[in-house]
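Structure first, commentary second.
The values are calculated or read from the model by the stated rules, or taken from the named source; none is laboratory data. Predicted, not measured: the structure shown is a model, and the values here were computed from it. Cβ coordinates were reconstructed from backbone atoms using ideal geometry, including for glycine residues, and neighbour counts include every protein chain displayed. The accessibility values were calculated without ligands, DNA or RNA, using every heavy atom of the protein model including side chains. Shrake-Rupley method; radii C 1.70, N 1.55, O 1.52, S 1.80 Å.
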Amino acid sequence: MHATTLALVGATGGAGTTRTAVELAAIGARGGRNVAVIDAAFTTQGLSEYVRDRIGTDLTALITDDAGVSLSAATYTLAGDGAAADQLNDLSGKVDLIPARAPFERVARAKTAEAARKLERRIDEATTGYDAVVVDTSPVASNEAVAAVTSVDRVGAVRPATPHGVD
């Protein structure tokens with residue numbers, strides 16, 4: 001199986017890219033698909049906010065320190081509260097999150113060109129276990145963002161309806 005892959009790129013910080021990625025994944029899961037969301041926005045690490053449990057191993061560890069470890073070591077279940085939790089119970093598929101949650105030193109190492117090549121391999125690894133993979137990507141100005149948008153099938157821009165978003 002080879003999953004469909006999509007990178008959502010924030011046109012600016014705070015555009016809502018992470019939320020859009022999670023919502024798209026939930027829509028896919030409601031349709032019976034198994035969807036992974038990968039956090040390639042290392043600086044903001046917003047996807048970690050959707051994980052209820054403590055994050056031990058994260059994506060940055062897999063591309064800097066734990067190259068031989070399976071992607072499943074950094075995979076967490078999508079959590080929700082209140083109405084969101086009720087909606088999660090209605091999914092016929094599943095949403096798995098692969099967040100970035102790291103100290104600054106490891107984030108810096110995860111932004112190298114070599115780490116970007118490893119990120120591409122991790123995105124490819126995810127395609128073998130899911131029907132779809134959504135990559136949450138920061139504005140394309142870093143190695144990990146370039147790796148994300150060049151290793152997927154489709155790319156979408158998320159921008160706020162503001163002058164800064166339009167620019």
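Express the accessible area of the chain per residue in Å², computed with a 1.4 Å probe while the remaining protein chains stay in the model.
It amounts to 48 Å² per residue over the chain.
When the dipole is taken about the Cα centre of the chain, and only Lys, Arg (+1) and Asp, Glu (-1) are charged at their Cβ, what size is it in debye, to the nearest 20?
140
Give me the percent of DSSP beta bridges within the chain that run antiparallel, rounded to the nearest 5.
The antiparallel fraction comes to roughly 10 percent.
Quote the convex hull volume per residue of the chain, based on C-alpha atoms, as a whole number of Å³.
In the chain, the Cα hull volume divided by residue count equals 109 Å³.
Using a 1.4 angstrom probe on heavy atoms only, work out the carbon and sulfur share of the accessible area of segment 16-167 in %.
With neighbouring chains kept in place, the figure for segment 16-167 is 49 percent.
Normalise the Cα radius of gyration of segment 108-167 by 2.2 N^0.38 Å (N = residues in it) and let me know the number.
1.26
For segment 1-57, with the dipole built from +1 on Lys and Arg beta-carbon atoms and -1 on Asp and Glu ones, taken about the Cα centre, which of Leu47, Gly14, Val35 lies farthest toward the positive end?
Of the options given, the answer is Val35.
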